[in-house]
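Shown next, in structure tokens, is the structure this report addresses.
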Amino acid sequence: MKKKEVVRAYNFSDGKLITTSNEKIAYIRRDEAEFVGYGITNVMVDELENQVNNFSDTTTDVEMVEDQSEVTAAKDVVADKLKESIRGVMNRVVLKYDVHSAKYRKFGTETLSRQSDAQLLVIAARVVRVGTEMLADLAANGLTSAMLDNVKILRDKLEDELISLKLKVADRDIEQESRVEAGNTIYATLIKYTNTGQSIWATTNVAKYNDYVVYNTPSGDAPDTPTPPIS
């Protein structure tokens, strides 16, 4: 059975989750005696704090995106070099064969600049194969085996870069899923504890009751429409 996509349970940022959790942990420790009466011990609070600290230390999506961007940029550089190398071959081919001839079209390099990376790999392999086949006829026009070898080298390097990029994308997906799950675990515990805090002070201390309010809004702040005061 396919695993369901993990969705964040809270609307605010991970940074806000961290700061809010640390703030509420401080209040819980202040009111330690009252919380113990509800079975929430120092050990449990320490565990929540450890989870928050570990969450804070994990790689963020911003960092993962930057890593992915670096690999993408490196891939693009190789792709451009490969296109340039292919054009170098075709500049020799066109001196021998008309662009409308079957032998020229056999190289299949039309609209080279608009091809996807995957299609570029196919084209490069074909240029090497057909170029090697016709090398004897094209040598007089300046085509060499070294040129074809360079196309192959760049083609193989582009394939390696594409694999690296796919791995980076997969790593990011895995890391993000793990991060969402960890954040949801923290949030669930935080809400359980803060709901307890609100229950403790609901009828006796408005200020302390408000200390345990968590606003699940994009900003993490109070919504535009205030909640009704405690009766």
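The values are calculated or read from the model by the stated rules, or taken from the named source; none is laboratory data. Predicted, not measured: the structure shown is a model, and the values here were computed from it. Note: ideal-geometry Cβ built from the backbone for every residue, glycine included; neighbour counts use all protein chains shown. Just the protein is used for accessible areas: all its heavy atoms, side chains included, with ligands, DNA and RNA removed. Shrake-Rupley method; radii C 1.70, N 1.55, O 1.52, S 1.80 Å.
Straight-line reach from K157: taking Cα to Cα under 30 Å and skipping same-chain neighbours fewer than 8 places apart, the lysines in range are K75, K81, K83, K96, K103, K106, K166, K168.
Please report, ordered by residue number, every helix of the chain (full DSSP H runs) that is 20 Å or longer along its axis going by C-alpha atoms and whose mean Kyte-Doolittle hydropathy reaches 0.0. Walk me through the intermediate numbers first.
Details: long enough: 14-30 (24 Å, -0.71); 42-57 (22 Å, -0.70); 61-96 (52 Å, -0.21); 117-133 (24 Å, 0.81); 145-201 (83 Å, -0.36).
Qualifying helices: 117-133.
Over all other residues within a Cβ to Cβ distance under 15 Å of K208, the charged ones net out to -2, with Lys and Arg as +1 and Asp and Glu as -1. Can you tell me which lysines have their Cα less than 17 Å from the Cα of K16? Leave out same-chain residues fewer than eight positions away. Counting by Cα, and skipping residues close in sequence, K16 has these lysines nearby: K24. Projecting the Cα atoms of N205, G183, P218 onto the dipole axis of segment 168-224, where Lys and Arg carry +1 and Asp and Glu carry -1 at the beta carbon, places N205 farthest toward the positive end. Result for the chain in a Gaussian network model with C-alpha springs under 10 Å: among E66, E133, E177, the largest mean-square fluctuation is at E133.
Counting only Cα atoms, I'd like the Rg/Rh figure for segment 1-148, Kirkwood definition for Rh. Let's see the in-between values first.
Details: Rg = 30.6 Å, Rh = 21.2 Å.
On the Cα set of segment 1-148, Rg over Rh gives 1.44.
Rolling a 1.4 Å probe over the protein heavy atoms gives the chain an accessible area of 59 Å² per residue.
Structural size metrics of segment 132-231, computed from C-alpha coordinates, are Rg and Dmax of 31.5, 97 Å.
Split the accessible area of the chain by element, probe 1.4 Å, and carbon with sulfur accounts for 52%.
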